[in-house]
1. Given the options Arg225, Arg165, Arg41, which has the most mean-square fluctuation in a GNM of the chain, springs set between C-alpha atoms less than 10 angstrom apart?
2. Which semi-axis lengths, in whole Å and largest first, follow from the square roots of five times the eigenvalues of the Cα gyration tensor of the range 237-282?
3. Using a Gaussian network model of the chain with C-alpha springs under 10 Å, which one of Met148, Met103, Met245 is most mobile by mean-square fluctuation?
4. Which whole number of Å³ per residue matches the convex hull of the alpha-carbon atoms in the range 148-235?
5. For Lys158, give me every one of the aspartates and glutamates with a C-alpha distance below 19 angstrom, ignoring sequence neighbours fewer than eight places off in its own chain.
6. Report the extension gain between Arg285 and Ser226 in nm, rounded to one decimal, defined as 0.36 nm multiplied by the number of residues separating them, less their alpha carbon distance.
7. Given the convex hull of the Cα atoms of the chain, what is a quarter of its surface area in nm²?
8. Using a 10 angstrom cutoff on alpha carbons, build the Gaussian network for the chain and name the most mobile of Leu113, Leu102, Leu162.
Amino acid sequence: MKELLASKLICPSCLPQEHGLQLDISSAEGEDIVNGTLTCRQCASRFLICDGIAFLDPDRQEDRQVSRYEQEEVVSSYLWSHYGDLLDDEQVTDAYQRWAGLMEPHSGLALDLGGAVGRFTFEMSGKCDLAVGVDKSLAFIQTARRFMQEGELRFTLKDEGLLGREVVIRRPAQWQPERVEFIVADAQRLPFAAHTASSVASLNLVDKIPQPYAHLQEINRVAARSGSQLLLSDPFSWSPEAAEMDQWLGGKEDGPWAGKGLDNIVALLCRSHDGLSPGWQLIQRDHVWWKIRSHSNHYELIRSCFIKAAR
């Protein structure tokens, strides 16, 4: 973890109260902390930094059931989705380039929430002082950090059954790894102080978490009160496996947040709903086509509907 990030962090266990973290470094390489701890001055919670990765998800337990996002095949699918253009694959979409093109350059911090293996975070590295990718998946964060550090990744693309082929992606010269970091954290309890982010992105995440409204509240809390940008995109594939139905922000005929998800999110964000003040100004509303690959004969094409907003 880059040492400069430590001053921007707070204890996620203490939210909604905000308390700083005491950094203790066990080993470092230049400005990169390899091993250490971040300790809350209030509740004494300790968050480890191991092999350069800061673990700031308060619910993380090493013995819990492994999520599908920790599986090698899933990581490979996301690597293709994020970086398939670097392989000159004709099947890939330009979703991440389009999303990044919506964001204006700015000073300060950019947050990529649910950033997976890091494409949007890297795209933002030339538009801000520091871009931080946030995800609960250790496998995603390990992979993104390795690409950040080494500039090259080798991985296996599944062809069919047990058949696969090794491919190599190389980091484009215009991406700036010195302005990029990745941490393990929960998008519903972000370890960042209020109003510290100049831009926040949430891409294909809001329908995959247990408390979507808490996620919006956290976006609102960490984004600067003025001069900030928000990009939120999602296919709104609501599922009871991801969240209880009463937590969905759309996809229902009645009850809380009936109707379509993007309509409800626009209303919540742009009308200063309780807990989401100050409100946002809607700049653009559209969709992009995003694709993920399972194997050489199976792709999933997803219509991800987005809003770009500012305040």
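1. Of Arg225, Arg165, Arg41, the Gaussian network model singles out Arg165 as fluctuating most.
2. Working: eigenvalues 91, 21, 17 Å².
Listed largest to smallest, the semi-axes of the range 237-282 are 21, 10, 9 Å.
3. Met245
4. 163 Å³
5. Within the straight-line cut-off, Lys158 pairs with Glu70, Glu72, Glu73, Asp85, Asp88, Asp89, Glu90, Glu166, Glu300.
6. Values: separation 59, 0.36 × 59 = 21.24 nm, distance 2.05 nm.
Gain on stretching Arg285 to Ser226: 19.2 nm.
7. Working: hull surface 63.8 nm².
Orientation-averaged projected area of the Cα hull: 15.9 nm².
8. So, out of Leu113, Leu102, Leu162, the one fluctuating most is Leu162.
No lab work stands behind these numbers, since they all come straight from the coordinates. Owing to the predicted nature of the structure, the values given are computational and were not obtained by experimental measurement. Using ideal geometry, Cβ is built from the backbone for each residue, glycine included, and neighbour counts are taken over all protein chains shown.
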